[in-house]
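Below: one structure, written as structure tokens.
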Amino acid sequence: MQEQPTLEHPTLSTLKNPSLRTESLVALGTFGVLAAGAALWAARVTDGGNQRWYRRLRKPPFQPPSWAFRVVWPALYTLMTVSAWRVWNRPAGPTRSWALLLWGVQLGCNASWSPLFFGQRRKRAALVDMAALGGSLAGYTAMASRVDRPAAWMMAPYLGWVAYAGALNEEVIRLNK
């Protein structure tokens, strides 16, 4: 009769798959909560009067329809969560640590943009934040590629969106001097 695996005596296949460890699932949840917190923070400052203010601004012809944001952002937050989790699941070391630090920096910049742009209506400060977001995101992606290539590739849509959003932010400044 074969012994059933327990937490004290995991099977060899469980040891080889770090994503099955309890602490790995806790890490996935933690990254998800952090990303969701950034998303909720942004949503909080884009409601109500801030949306009315934004609708009155002149916008470039490449402004996406409002529904696009509700589709794009959940996908991007999901990809950034899974990317960080994949990096976290790799062996510890300085490259992994730097990657995760940069992931946190990009998330902080991400969470700062909406309060700057919508909450304080500081379009130029938001553009500076967007540049910092792009730099930290590029840094994270470069470091992640040294730790887990699929994790880095998961950030490609986010890098593209940040470049697009930066161009949009810049055009809103130019059109509304």
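Within region 146-177, if we keep just the residues that are closer than 22 Å to ARG124 by Cβ and among the charged types (D, E, K, R), the residue that is farthest from the chain's Cα centre (by Cα) turns out to be LYS177.
So, LEU79, is that one modelled with pLDDT of 95 or more and touching a Ser or Thr at 6+ places or on another chain (Cβ under 7 Å) or not? The answer is no for LEU79.
Are any of the residues in region 95-114 surrounded by fewer than 19 Cβ atoms within 10 Å (Cβ to Cβ) and outside any helix (DSSP H, G or I)? Checked against the condition, which is being surrounded by fewer than 19 Cβ atoms within 10 Å (Cβ to Cβ) and outside any helix (DSSP H, G or I), region 95-114 yields no hits at all. Per this entry, ARG121 is counted among residues that are at pLDDT below 95 and not acidic (Asp, Glu).
Quick grid of which residues meet (1) out of contact with any Phe, Trp or Tyr (no Cβ under 9 Å at 6 or more places or on another chain); (2) among the acidic types (Asp, Glu); (3) more than 26 Å from ALA167 (Cβ to Cβ):
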| site | (1), (2), (3) |
| --- | --- |
| ALA36 | no, no, yes |
| ALA42 | no, no, no |
| GLN51 | no, no, no |
| THR78 | yes, no, no |
| VAL82 | no, no, yes |
| ARG90 | yes, no, yes |
| LEU100 | no, no, yes |
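The numbered conditions (1) more than 30 Å from GLU23 (Cα to Cα); (2) at pLDDT 95 or above; (3) surrounded by fewer than 16 Cβ atoms within 10 Å (Cβ to Cβ) are all true for ASN169 except (3). Filtering region 65-92 to residues that are part of a loop (DSSP other than H, G, I, E, B) and either surrounded by 20 or more Cβ atoms within 10 Å (Cβ to Cβ) or in contact (Cβ under 8 Å) with a residue 12 or more places away in the chain (or both) leaves ASN89, ARG90.
Considering only residues in region 153-177 that are in contact with a helix residue (DSSP H, G or I) (Cβ under 8 Å, 6 or more places away or on another chain) and not in a helix (DSSP H, G or I), the one that is farthest from TRP85 (Cα to Cα) turns out to be ASN176. Within region 119-152, the set of residues being in contact with a helix residue (DSSP H, G or I) (Cβ under 8 Å, 6 or more places away or on another chain), assigned to a helix (DSSP H, G or I) and without any contact (Cβ under 8 Å) to a residue 12 or more places away in the chain comprises ALA125, ALA142, SER145.
Only one of the listed residues (TRP103, TRP53, TRP67, TRP98) is over 14 Å from LEU159 (Cβ atoms), among the hydrophobic types (A, V, I, L, M, F, W, C) and modelled with pLDDT of 95 or more. That residue is TRP98.
Can you name the residue in region 28-42 that is of a type outside the set (Val, Ile, Thr) and without any contact (Cβ under 8 Å) to a residue 40 or more places away in the chain and is also nearest to MET155 (Cα to Cα) among such residues? Checking each candidate, the answer is ALA39. Checked against (1) modelled with pLDDT of 60 or more; (2) basic (Lys, Arg); (3) surrounded by fewer than 10 Cβ atoms within 10 Å (Cβ to Cβ), LYS59 passes all but a single condition, namely (3). Tell me, please, whether a residue that is modelled with pLDDT under 70 and among the basic types (Lys, Arg) can be found in region 20-32. Within region 20-32, not a single residue is modelled with pLDDT under 70 and among the basic types (Lys, Arg).
The values are calculated or read from the model by the stated rules, or taken from the named source; none is laboratory data. Keep in mind that this is a model prediction, so the values were computed, not measured. All Cβ positions, even for glycine, are placed from backbone atoms using ideal geometry, and neighbour counts span all protein chains on display.
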